[in-house]
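In what follows, a structure is listed as structure tokens, so that the remarks can point back to it.
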Amino acid sequence: MTLEQKLKRALKSKDPSKIHIVFEEIYHAYGKLVYFTIMQYVKNNMDVEDLTQDVFLNFFNNLLKNEIKNIKYYLVVSAKNRAINFINVNQNKIVLDENIIYEHEQQDDYNENYFIIISNMKKYLNEYEIDIIIQHAVYDYSFKDLANKYDKSINTIISTYHRAVKKYLKGADKNEKK
């Protein structure tokens, strides 16, 4: 019996333990394939692991909503799409010049400059966006740590960070042109 048939049978029975058993079989059968597919695009092992988990979580969440006729195809396409999405988000990444912030730490007037940066950010960003940027850029929190802290997905934190940086830079750029 194929995994598709087992899955269909388990879903039809509506028995959570049977669905879970089949899901584990699917994970063991295709986990390495999904990991390898993502690894072709993303080079950081931790990111690959996170994206692999996201693919399977998405698959599991969609089990009841959609009939999946070819599990392998669904997972590979999903893995590829997640990896490409991840690359697009990180490729368009605009990072605040963290060296400027760290150079200020060396100076006596660090606190004054820190508050100037924060007050400038407040012109364009909300407190949450400022928090994400400062915790990542200054305090070196990983996106994963921030996701846990705010109880949000890593992708949500990453996109919030990038949108906030773009919004800040766009606002600051418009202000300079005046």
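The values are calculated or read from the model by the stated rules, or taken from the named source; none is laboratory data. Everything numeric in this text was worked out from a predicted model, so none of it was measured. As a convention, Cβ positions derive from the backbone with ideal geometry for all residues, glycine included, and neighbour counts pool all protein chains shown. We work out accessible area using only protein heavy atoms, side chains counted, and drop any ligands, DNA or RNA first. Shrake-Rupley method; radii C 1.70, N 1.55, O 1.52, S 1.80 Å.
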(request) Identify all residues within region 11-20 that are touching a helix residue (DSSP H, G or I) at 6+ places or on another chain (Cβ under 7 Å) and closer than 21 Å to residue 53 by Cβ; write none if there are none. (result) 19
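Might you let me know whether region 91-110 holds any residue that is more than 30 Å from residue 170 (Cβ to Cβ) and either at pLDDT 80 or above or open to solvent by less than 70 Å² (accessible area, probe 1.4 Å) (or both)? Write out each step before concluding.
Going residue by residue through region 91-110, those that are more than 30 Å from residue 170 (Cβ to Cβ) are 108.
Those left that are additionally either at pLDDT 80 or above or open to solvent by less than 70 Å² (accessible area, probe 1.4 Å) (or both): none.
Among the residues of region 91-110, not one is more than 30 Å from residue 170 (Cβ to Cβ) and either at pLDDT 80 or above or open to solvent by less than 70 Å² (accessible area, probe 1.4 Å) (or both), which makes the answer no.
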(message) List the residue pairs whose Cβ atoms are under 6 Å apart, where the first residue sits in region 114-137 and is within 12 Å of residue 160 (Cβ to Cβ), the second is open to solvent by 60 Å² or more (accessible area, probe 1.4 Å) and at pLDDT 75 or above, and the two are 6 or more positions apart or on different chains.
(response) 135/141
(message) Looking at (1) in a helix (DSSP H, G or I); (2) modelled with pLDDT of 80 or more, which one does residue 114 not meet, given that it meets all the others?
(response) (2)
(request) Hey, can you tell me all the residues within region 56-89 that are among the aromatic types (Phe, Trp, Tyr) and buried (at least 16 other Cβ atoms within 10 Å of the Cβ)? (result) 56, 59, 74, 86
(message) Give all pairs with beta carbons closer than 9 Å in which a residue from region 3-27 that is more than 17 Å from residue 65 (Cα to Cα) meets a residue that is among the hydroxyl-bearing types (Ser, Thr, Tyr); count only pairs at least 6 apart in sequence or on separate chains.
(response) 3/30
(request) Scan region 1-23 and give yes if some residue there is under 26 Å from residue 155 (Cα atoms) and among the acidic types (Asp, Glu), otherwise no. (result) no
(message) Kindly evaluate residue 53 against the criterion of being at pLDDT below 90 and open to solvent by 50 Å² or more (accessible area, probe 1.4 Å).
(response) no
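Mind listing just one residue for me: the one in region 118-168 that is of a type in the set (Gly, Ala, Ser) and part of a helix (DSSP H, G or I) and, of those, surrounded by the fewest Cβ atoms within 10 Å (Cβ to Cβ)?
119
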